[in-house]
Amino acid sequence: MLIVGSVRNRSFVLSGIALLLGAAVSLGVSRLEETPPPENLLPADAVVLCQWDGFTAHEAAWRQTAAYEALVESGCADFAKKLAEGLLAQAPPDVATLLEDAVGSVISKGVSFAIALNGGQGPPTPFAVLVLHRSSRLAAELQRLVRQAAGPRVEWQEKKINGRQVVWAALPRTPNVEAGWWSEGEHLVIAIGIQAIERATSVAAGTTPNVTHTQLWKTYHARKRAGVERTWFGWFDFRRLREAVQDIPVPARRGDGQPIRVGQIIEAFGLDRVGTIVSWSGLEGRAIRSETFVEAPAPRTGLLALADQKPMTLKDLPPLPAGSPSFAACRFDASRAYDEVLRSVRRFLELAPADAQREAEALIASLSDKLGFDPKADLCDSLGDVFCLYADPNQGGLFPGFGLVVKVDDSERLRSTVDLLLRRLQDVAGRDVTIQRTTKGGRELIGFTFRQGVPLGAFAIGRRWACVALSTQSVESFFLRVDGKLDSWRPSAEYEEVLNAVPKQFTQIALGDPRPGYRTLLGAAPLLFSIAQAALDRVGRRTIGPIELPVTAADIPPAELFVRPLFPNVAVWTVEEDGFRGIARYSLPGAPIFGQIGAGSTAATTGVLVALLLPAVQQAREAARRTRSRNNLKQLGLALHNYHDAYGRFPVGTHPNPKLPPEKRLSWMADVLPFVEQAPLYEQIDFEKPWDDPANRRALSRQVSVFVNPGQRAGRGRHGVTHYVGLAGLGRDAPMLPVTSRRAGVFGYDRIVRIRDIRDGSSNTMAVSEANKKLGPWGAGGPSTIRALTTRPCINGPDGIGGPFRGGVSVLFVDGSVRFVSES
């Protein structure tokens, strides 16, 4: 048989492993009459089906592609082979051999896979079948390794089932679940699932229909595009899955006491119109082409309506930067989407009890009051239906700039809504975020920075478009293009050729050049190798000794060789009467189409940029969490003052109950629940009983968001936890001190404190602090919710007074202000 290297030649097989990410040198294989087509071994009731032919059957077409030239002829395959050899050399010999043979076989010869459900009565019983094409010789190696890995707990048997000599075992602690394999001619067949061996072998024997007898296979597998050698085909049969699970009840009941079933939920969200999702890909000259079709016949409602948009063309795009390497745009009617989502939610609520419906409707009705604006009328209705994300090569400095542009229908209303949101942001963020306003070209440009001066972004709202970008320069340049003062993007001859391969009208489009991203990735290789080797050295010193990468940066081919054959990639989605269709044309397998913004046109490039930006991203996330924690403390401060207005005093550290010791009483946090919008939860608590009494278990198991610091994990347990504590004062006896003591704080076990008792001034007295140790239930009296300062260091010390953020702790003072107190 024809091969690109002998199977006995280890290095060529290893090169196959290395090319698993997107390329392989193709092989040709003779066909034996006793070996059936792989699809004959897949069950007819397959919900999920995938079939990859391997490069063997498509050697001539594969060698004509730009991907082959970039990955193989550039020398990248040799680099990957060397890397694979070095890594496999460190694996156990048996594992290395099986991996090398199995992966090489999948790449060259192909694989088929299916997940099936039973078609009978009762709950669905799934099983999976995996067919490694022409790979029966792997059975002995697989058996040896599986037996060794499973150990004596699994009893493997060899038995003839439906005329097949099967190695199989029932898996422990999983009733009726079994796994096994056998050789079907030259194929290796592996099955796992409920009664999987009997069901899979009956398909192979022909006593149970295989997938080729189904209408799905006859309809979609037979459809082939002229000029394309199809290499991959698959589907997800959502209709069959829905029919199998639609009568299964969920753990909830309707208002009439009847169970809610899965099918009713699917119908409520409009997904009952979804049939099968079919996808294929193949080789088309120098390109890789793929198509996906989602069966969803009109009329489409619910979640499907979000994708059922009007078509658009390139003429509907905003003016993009000249020379922009990539952009992604879509048609999306936000106002219609809001209505459809709301209708879906209400259809779902029709399944709920009447009191739940009333609560949800009240929440929906109060949404405008809580937000301060009508989300439908003031936001969604003011937006247009075109959204576009684009790379801006003319802005950005070290990293390319990008912009997000949204069409605008009512600019005045949108500005009013955004101004309100900016005021809310300023109230929440305080001095952490600075908002800067500048007028240029008759438009107001608004920029954001952290208090350290780190730029967050900028935006402006024009008459027809709103633009958001990393910098005010990017925003200004967009509107200069709107005014015709800067050149805009026009498709070059190369882009025109790519666009001619897809429909002219679409609801979504992504167009991008992968070359800048791969060029950036390869250019960063020396730095990446230095970082990787340094990391391995650190790990090796702590564990097994020096670890050396089997390759160096010098083994990577020049970027020019890799990117020279590549060309722009395009993907579009269209809406049809019977569903949605996605069409993509790539120059390189594995290079993502959507999201090719800026330098990151590949997943690897995105990873590089994320790694380089990681410190800044972590700082931004920490600042955001710190701001949210400060907001929680402000809410607690407002609740304490409202409580004082209502009762003439602050809440006692533990709910007054002389029959119980302090550590068994309810906490002050339970007392302020009505003042943090948790009145229904407050009504569920029996304050005469201990906090851990079964009567209070359900209420105190609830997690209350204002008691949880977003910088810490909430944890899982029987009771909702708090990350904030009331401060009792100084010394271990502080909770028991009288209000007249100079060491007494705001919270004591039985101490009543009023504003007039704060003799040092409310702006100088701490009331509530973040906590980072000895965390406990929010409903429990005692150390879980009140703490004293007893041991130095007072902050981030043994007392557990401290936060998850570096340098100190956020503290609520009695006057309602929140300040960051340094640990030093």
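The values are calculated or read from the model by the stated rules, or taken from the named source; none is laboratory data. It should be emphasised that the depicted structure is a prediction, and the values quoted were computed from it without experimental measurement. Backbone-built Cβ (ideal geometry, glycine too); neighbour counts: all protein chains shown. Protein only, heavy atoms only, side chains kept; ligands, DNA and RNA dropped before computing areas. Shrake-Rupley method; radii C 1.70, N 1.55, O 1.52, S 1.80 Å.
As an exercise, take the mean of 1/r over every pair of distinct alpha carbons in region 319-390, invert it, and state the Kirkwood radius in angstroms.
Kirkwood hydrodynamic radius for region 319-390: 14.8 Å.
Among 502, 406, 731, whose Cα projects farthest towards the positive end of the dipole of the chain, with charges put on the beta-carbon of Lys, Arg (+1) and Asp, Glu (-1)?
Final value for the positive-end residue is 731.
When Lys and Arg each count +1 and Asp and Glu each count -1, what net charge do the other residues less than 13 Å away from residue 469, Cβ to Cβ, add up to?
In short, -1.
Set the Förster radius R0 to 45 Å, insert the Cβ-Cβ distance between residue 356 and residue 438 as r into 1/(1 + (r/R0)^6), and round the FRET efficiency to 0.05.
The computed FRET efficiency comes out at 0.40.
Tell me the label-point distance for the pair residue 743, residue 224, using the 7 Å Cα-to-Cβ offset, in nm and rounded to one decimal.
With each label point 7 Å from Cα toward Cβ, the separation is 8.9 nm.
For region 755-773, list residues with backbone N below 17 Å from a point placed 7 Å from the Cα of residue 644 toward its Cβ?
755-769
What net charge do the residues around residue 557 carry, taking every other residue with its C-beta under 14 Å from that of residue 557, with Lys and Arg at +1 and Asp and Glu at -1?
-1
Using the structure shown, list the pairs from 407/440; 82/109; 370/774 with a Cα-Cα distance above 25 Å, or answer none.
Correct reply: 370/774.
How far apart, in nm, are the 7 Å Cα→Cβ label points at residue 423 and residue 698?
4.2
Relative to the present Cα-Cα distance, how much length would full extension add between residue 456 and residue 554 at 0.36 nm per residue of separation?
The span from residue 456 to residue 554 would gain 31.5 nm if fully extended.
Using every alpha carbon pair in region 155-201, what percent of pairs falls into each 5 Å bin from 0 up to the bin containing the largest distance?
Computed distribution, short to long bins: 5, 25, 34, 24, 9, 3, 1.
What order do you get for 429-439, 301-311 when each peptide is scored by the mean count of other beta carbon atoms within 10 Å, highest first?
301-311, 429-439
Please name whichever of 570, 786, 712 sits farthest to the positive end of the charge dipole of the chain, dipole taken about the Cα centre and charges placed at Cβ: Lys and Arg +1, Asp and Glu -1.
Comparing the listed Cα positions along the dipole, 786 ranks first.
Hey, rough spin-label estimate for residue 764 and residue 684, points 7 angstrom out along Cα→Cβ, what's it come to in nanometres?
Between residue 764 and residue 684, the label points sit 4.4 nm apart.
Under the Kirkwood approximation applied to all pairs of distinct alpha-carbon atoms, what is the hydrodynamic radius of region 674-801 in Å?
15.7
Kindly state, to the nearest 0.05, the FRET efficiency for residue 412 paired with residue 367, given R0 = 22 Å and r defined as their beta-carbon distance.
0.45
Please go through region 320-423 and write out the GluC sites (Glu not before Pro) that DSSP classes as loop and that have at most 15 other C-beta atoms within 10 Å.
Here the GluC sites (Glu not before Pro) that fit, given the DSSP loop and packing criteria, are 350.
For Cα Rg over 2.2 N^0.38 Å, the choices are (1) 1.63; (2) 1.15; (3) 1.03; which was calculated from the structure?
Of the listed options (1) 1.63; (2) 1.15; (3) 1.03, (2) comes from this structure.
So, with a 1.4 angstrom probe, what is the percent of accessible area on the chain that is carbon and sulfur?
C and S fraction of accessible area: 55 percent.
Per DSSP H run of n ≥ 4, the term is -39500 (n - 2.57); total these for the chain, divide by its residue number, and report the mean residue ellipticity at 222 nm rounded to 500 deg cm²/dmol.
-9000 deg cm²/dmol
What's the angle, to the nearest 10 degrees (0 to 90), between helix 603-647's Cα axis and the longest principal axis of the chain?
Its long axis makes an angle of about 30 degrees.
Rolling a 1.4 Å sphere over the protein heavy atoms, what is the accessible area per residue of the chain, to the nearest Å²?
That works out to 48 Å² per residue.
Return the ratio Rg/(2.2 N^0.38 Å) for region 251-353, where Rg is computed over Cα atoms only.
1.53
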